[in-house]
Structures are given as C-alpha cells and as structure tokens.
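Just below is one structure, and these are the notes that go with it.
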Amino acid sequence: MRRLLPLALCAASAVLATPPADVQAQSGGTIVFVRSRPPRDFRGNLRAWSAGVRAASYTEDTTSHVWRVQFVAFLPRAPRAAEVTLVFYKLEGRSRRYISNESVALSSPNEPIFYHQTTLHRGPDEFQPMENYEVAIAVADARGQHELARGRIQLIGEVERRGNGVVDFTGANGPTVH
C-alpha cells in the first residue's frame with residue numbers, strides 16, 4: 001500500500017497538469033479564450049489568471065453581427081517569427097472544415113505566450129451562431145507551416161429563421177410563403 005500511494009499521486013498530478021485533449025495541439029500548445037484583457041502590469045502566473053477568466057463561448061453583438069474574441073496563446077516554444085497565422089475551422093461532428101485565416105504580427109517573436117483579440121463577422125459560409133469552432137495557431141519556418149496551439153470556442157447568437165413554412169393562398173397576387 002505504501003508503494004502504491006506515491007505512484008497514484010504521481011499519476012493523478014500528471015493527469016491534472018495535462019490540458020484537455022480538445023484544446024491541446026499535437027505539439028502541446030493551448031489557446032485559452034478569456035473574458036477580459038490581462039492587466040498591462042501583470043506579474044505572476046498568466047496561465048492561472050487565464051483559467052480564472054476562461055470563456056467557453058462568446059455572445060454576438062446584435063447591432064453589428066460580430067463576435068469580439070480574445071485569447072491567451074501558450075505555445076510550446078517561442079515562434080521565432082515576425083508573425084503567426086490564426087486558422088479558423090468549423091467543427092462538424094468529428095471533422096473540421098476550414099473557414100478562414102488571418103495573420104497576427106507579433107511584438108515579441110521570442111515569447112512563447114501572447115494575448116490577441118480579433119473580430120469574427122457573421123457570414124453565410126463563415127461564422128454562424130450556435131456553432132462550435134476550433135482556432136489553431138500556425139507558424140511557417142524552413143520546414144513548412146505547422147500548428148503550435150489549438151483551442152475551441154462556441155459562438156452564441158440568434159439563429160435567423162426563414163419563414164414558418166406556411167403558404168397563404170388568400171392574397172390577391174397569388175400564393176405567398178410566410
């Protein structure tokens with residue numbers, strides 16, 4: 001029993017220290033979506049702060065039909081590049097479909113942690129409410145482009161309804177669909 005307890009504690013701590021599989025890229029980086037910007041003079045554990053203000057979803061701004069998304073990226077190593085690429089995928093069952101990408105200029109390419117905010121616009125083949133998306137951070141180097149981190153987020157909003165499927169035959173101009 002005495003020999004099994006340290007082994008069990010070691011195994012439990014390894015499980016707790018590993019990020020969830022849905023936000024962990026193959027290389028070990030994570031993207032943590034947050035509700036607020038980190039304080040400018042922040043000192044301390046940024047990963048713990050991010051976990052405390054973590055966001056699982058964002059609600060659409062109904063006046064402009066956009067989502068204002070912000071995250072802290074924890075990369076397994078510094079990208080050592082002037083910019084990285086954010087790649088957006090829509091999750092469809094067990095697969096993901098490419099939506100779009102955007103370049104992000106880095107102020108400090110030798111830092112493995114950075115904060116970023118972006119705006120996602122509602123569009124028919126782009127971002128839609130009540131859908132789940134995966135965001136990946138990729139960097140291009142001499143070996144090609146590869147993923148450094150991933151994260152998942154849900155976009156909340158009002159789904160557009162296209163009529164109720166009722167046909168009205170009483171109108172003077174013929175049938176109309178409501």
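Packing, as the average of other Cβ atoms within 10 Å across residues, places the peptides 120-128, 35-43, 143-151 in the order 143-151, 120-128, 35-43, highest first. D by Stokes-Einstein for the range 19-158, Kirkwood Rh over Cα pairs, 10 °C, 1.306 mPa s: 102 µm²/s.
Each Lys or Arg adds one and each Asp or Glu subtracts one; over the other residues with Cβ under 15 Å from the Cβ of S100, this totals -1. Residue-wise HN-Hα couplings along the range 96-112, as the Karplus relation 6.51 cos²θ - 1.76 cosθ + 1.60 with θ = phi - 60° gives them from phi, are 10, 10, 4, 10, 6, 8, 8, 8, 10, 6, 9, 7, 9, x, 9, 9, x Hz; Gly and Pro carry x.
When peptides 45-52, 133-140, 64-71, 153-160 are ranked by their average number of other Cβ atoms within 10 Å per residue, the highest-first order is 133-140, 64-71, 153-160, 45-52. Near E60, the amide H atoms lying under 5 Å from its own belong to I156, G157; only residues 5 or more places off or on other chains count, and H is placed 1.01 Å from N.
Read the figures in this text as sums done on the coordinates, not as results from a lab. The model shown is predicted, which means the values in this text are computed figures rather than measured ones. Please note: Cβ atoms are built from the backbone with ideal geometry, for glycine as well, and neighbour counts cover all protein chains shown.
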